[in-house]
1. Mind checking which pairs have a first residue in the stretch 157-173 that is without any contact (Cβ under 8 Å) to a residue 12 or more places away in the chain and a second that is open to solvent by less than 20 Å² (accessible area, probe 1.4 Å), Cβ under 9 Å, 6 or more apart or different chains?
2. Suppose we filter 360, 381, 385, 355 for residues that are within 30 Å of residue 305 (Cα to Cα), outside any helix (DSSP H, G or I) and either among the acidic types (Asp, Glu) or open to solvent by 50 Å² or more (accessible area, probe 1.4 Å) (or both); which single one remains?
3. Residues 16, 54, 66: which one is more than 27 Å from residue 151 (Cβ to Cβ) and of a type in the set (Val, Ile, Thr)?
4. Tell me, yes or no, whether the stretch 237-249 has at least one residue that is in contact (Cβ under 8 Å) with a residue 40 or more places away in the chain, part of a helix (DSSP H, G or I) and touching a Lys or Arg at 6+ places or on another chain (Cβ under 6 Å).
5. Checking residue 115 against (1) surrounded by 14 or more Cβ atoms within 10 Å (Cβ to Cβ); (2) touching a helix residue (DSSP H, G or I) at 6+ places or on another chain (Cβ under 7 Å); (3) of a type in the set (Lys, Arg): exactly one of these is not met. Which one?
6. Among the residues of the stretch 168-180, is there at least one that is surrounded by 17 or more Cβ atoms within 10 Å (Cβ to Cβ), of a type in the set (Phe, Trp, Tyr) and more than 16 Å from residue 274 (Cβ to Cβ)?
7. Considering (1) more than 21 Å from residue 276 (Cβ to Cβ); (2) open to solvent by 20 Å² or more (accessible area, probe 1.4 Å); (3) touching a helix residue (DSSP H, G or I) at 6+ places or on another chain (Cβ under 8 Å), say which one residue 246 fails and leave the rest.
8. Somewhere in the stretch 397-418, is a residue in a strand (DSSP E or B) and hydroxyl-bearing (Ser, Thr, Tyr)?
Amino acid sequence: MNLLKDNSYHILGLDTSATQKEVSRRSKELVTRLKIDDVPNYDLDLDIFDGYRTEASVKKAVDKLTSPKNQIVEYFFWFQIADNIDEQAAGLFRLGQYDDAVRVWANNSTTDTAKSLLYKKNLAVLYSLLLYKNKKSQYLAKAVEAWKELVDSDKFWNAFSRVYKLHDELGADPSVISDFRKNSADAVSDIFADLSAHHGDQDYASSFSNIFGLKGKKMETDIVNPIYEKINDAIEELDKLQVSTDNVLDQREASVIKSAIRVTQDELNKLLDLGLYDDSRTKMLRDRAAAALRKISIDLNNNMNETGMALGLLKIADKISGTSAFSSRIQQDLKTTQENHEYKGKEERNSKVLDPIIADVKSGHSDRAIQTINDYLYSSDTDEDLKSALVEVKKAIEERTVKYGKPVGSAPGLHTINGIGTTLYGDTVYFAFFFIPIFAIGRYTVENAGGNSYYFQGKLELKPWQKVFNWVVPGLILIWIISANN
């Protein structure tokens, strides 16, 4: 129920000074006219709501005005036209000059007198009504401040009680007024909760909550609880994820994480606007959201080596965590993950340098690998960790070269046809003619792998006598050929 749109006096087109007899007469008139679809307009009607005056709403209005507990609510949230100032403002309604009506009551409600405070109640009602008409109205802050002043003012409640008793024909018990006063702030909060729903804009509820420092039942039900539900749903989506099950963070999983974080942050911002960010219920939910992100972060870091994303999720978790105890746990995780991320970063940077060097060694270009290593070692841009790694690689290459010879990219071809071709004798590959070695092609550290296959570990220098052999044998063959032709 909208306290203003569905207000009984509003439905009946009366001000709060109307007697029970006037209420009865007006209700009968309205029912008669509504039966023939003749919807009347009255002096206090504002061009704000549509379809609020029906046979059913008229009957409900009369019922509420015959109950003391309901009547005081209706009375509080509508206009009292008591003197010429009120008449002047009400007269401007008929002309649609609402801002002028605001000025009339505002100019006459600047003091702390009883009459001035009653003008301010009319002004607060008008402010609130105009907020329905114009989204982001200039009257939002003024409306909240006016209601706050009235709710907190003993002088206002004394004046309101006296005037209410003058018009109360039901003879309400004094406790009705005192009970209503205790709950008046909650009732006012319902207006701003309804405004937020009406415009789809939480600023109305936030403005009320920031000034009053509380939330009413309607605000709790219509605004706060849906926020908590959205955050809870987002947390449940995160809890369901098992990102390392297939060892791949796929697009769907990444999208769920991103969406859940966005929803959680957006909804927490709404709670911040409402002044509820440090509420105990919110803190508990913030810790749950942080815990869900922490769980995914640990999974990414420990099982998938995704340190960058793990670190990012922990930073978000740290920002939204609700309690200092949980925040301390995340801080420790951040420290560990940061160290892992830095180590991984160094490994990746080192790999970009070391991988091409190792590839050169494997392909038999150890001289080029050594030259590349030396270039990095003598560069001032190379950090000490990388230099240490390069020294170790260089040492390994040199020790291996001494032991096995220079690394070879592939085994030499061994192939003969009718005894002519390349063949292996001992540790040396020769070119043979009818199985007679003619020329030493290369000497290797070699192991017989069995089945006429060999494992070449490195290439060695030819022995001095083999170098002489490579000159003498071809020379002798050449001399024999020349002699044979002569």
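1. Going by the 9 Å Cβ cut-off, the qualifying pairs are 165/177.
2. Working: 360 fails: outside any helix (DSSP H, G or I); 385 fails: outside any helix (DSSP H, G or I); 355 fails: outside any helix (DSSP H, G or I).
When all the criteria are applied, what remains is 381.
3. Numbers: 16 fails: more than 27 Å from residue 151 (Cβ to Cβ); 66 fails: more than 27 Å from residue 151 (Cβ to Cβ).
Result: 54 is the single residue among 16, 54, 66 that is more than 27 Å from residue 151 (Cβ to Cβ) and of a type in the set (Val, Ile, Thr).
4. no
5. Residue 115 satisfies all of (1) surrounded by 14 or more Cβ atoms within 10 Å (Cβ to Cβ); (2) touching a helix residue (DSSP H, G or I) at 6+ places or on another chain (Cβ under 7 Å); (3) of a type in the set (Lys, Arg) except (2).
6. yes
7. For residue 246, the failing item is (3).
8. Yes, the conditions are met somewhere in the stretch 397-418.
The values are calculated or read from the model by the stated rules, or taken from the named source; none is laboratory data. Keep in mind it's a predicted model, so treat the numbers as computed, not measured. In this analysis, Cβ positions are derived from the backbone assuming ideal geometry, glycine residues included, and neighbour counts consider all displayed protein chains. We work out accessible area using only protein heavy atoms, side chains counted, and drop any ligands, DNA or RNA first. Shrake-Rupley method; radii C 1.70, N 1.55, O 1.52, S 1.80 Å.
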